[in-house]
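The values are calculated or read from the model by the stated rules, or taken from the named source; none is laboratory data. Keep in mind it's a predicted model, so treat the numbers as computed, not measured. Cβ atoms come from the backbone with ideal geometry, glycine included; neighbour counts cover every protein chain shown. Accessible surface is based on the protein model in full, side chains and every heavy atom, while ligands, DNA and RNA are left aside. Shrake-Rupley method; radii C 1.70, N 1.55, O 1.52, S 1.80 Å.
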Amino acid sequence: MKIGIAADHGGFELKEYLKKFLEDEGYAITDYGAYSLNPDDDYPDFVIPLAKAVSEKKMDKGIAICGSGVGAAIAANKIKGIRAALINDHFSAHQGVEDDNMNMLCLGGRVTASSAAEEYTMAFLLAVFSGLARHKRRLKKIADLEK
Ligand code: RB5
């Protein structure tokens, strides 16, 4: 599975932590930046390239982190084909994939502890879309907005 990760200064520390955690778990991670901590950087500059890569199927799933995770989710969801959500609990991390085919996980680097972030990330990565008709029907109503 190809996984991309991105963060601004608010999520930089958690990105670095999660990248190492996931690499240690055997995942290949593509880092869309930031590549150093710059308090003046802007999350769209990193989250949007990642969201485009997920949308274009260059990445299977994306993880976007800013201070709260809110800006990352707002930015990612502007890209066609992206279903991103800010996740602060384990249930939503997997159910968001199973029911809603969530393809980007957004986290708050100033909100979510590293151990919780590990748990949410693994739940997100291991979950699979159910493909049930009722979920496809709901997702089609959202995808139709993008036409
Ligand atoms: C940047 O300071 C902060 O606003 C950003 O990381 C994020 O929290 C936005 O939602």
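Note on the stretch 63-110: residues that are within 16 Å of the ligand (Cβ to nearest atom) and of a type in the set (Ser, Thr, Tyr) amount to 1. Taken over the stretch 109-124, the criterion of being assigned to a helix (DSSP H, G or I) and surrounded by fewer than 20 Cβ atoms within 10 Å (Cβ to Cβ) is satisfied by Ser114, Ser115, Ala116, Glu118, Glu119, Met122.
Looking across Asp42, Asp31, Asp99, one residue alone is open to solvent by 20 Å² or more (accessible area, probe 1.4 Å), in contact (Cβ under 8 Å) with a residue 12 or more places away in the chain and within 27 Å of Leu145 (Cα to Cα). It is Asp99. Selection of first residues in the stretch 49-76 that are open to solvent by 10 Å² or more (accessible area, probe 1.4 Å) and of second residues that are polar (S, T, N, Q), restricted to Cβ pairs under 6 Å at least 6 apart or on distinct chains, gives the following pairs, ordered by first then second residue: Lys61/Asn103. Among the residues of the stretch 9-22, the ones that are under 10 Å from Gly33 (Cβ atoms) and open to solvent by less than 10 Å² (accessible area, probe 1.4 Å) come to 1 in all. Filtering Asp41, Asp60, Asp8 for residues that are within 16 Å of the ligand (Cβ to nearest atom), under 15 Å from the mean Cα position of the chain (by Cα), of a type in the set (D, E, K, R) and farther than 17 Å from Ser114 by Cβ leaves a single hit, Asp8. Kindly provide the set of residues from the stretch 35-52 that are within 15 Å of Gly108 (Cα to Cα) and touching a helix residue (DSSP H, G or I) at 6+ places or on another chain (Cβ under 6 Å), ordered by number. Tyr43, Pro44, Val47, listed by residue number.
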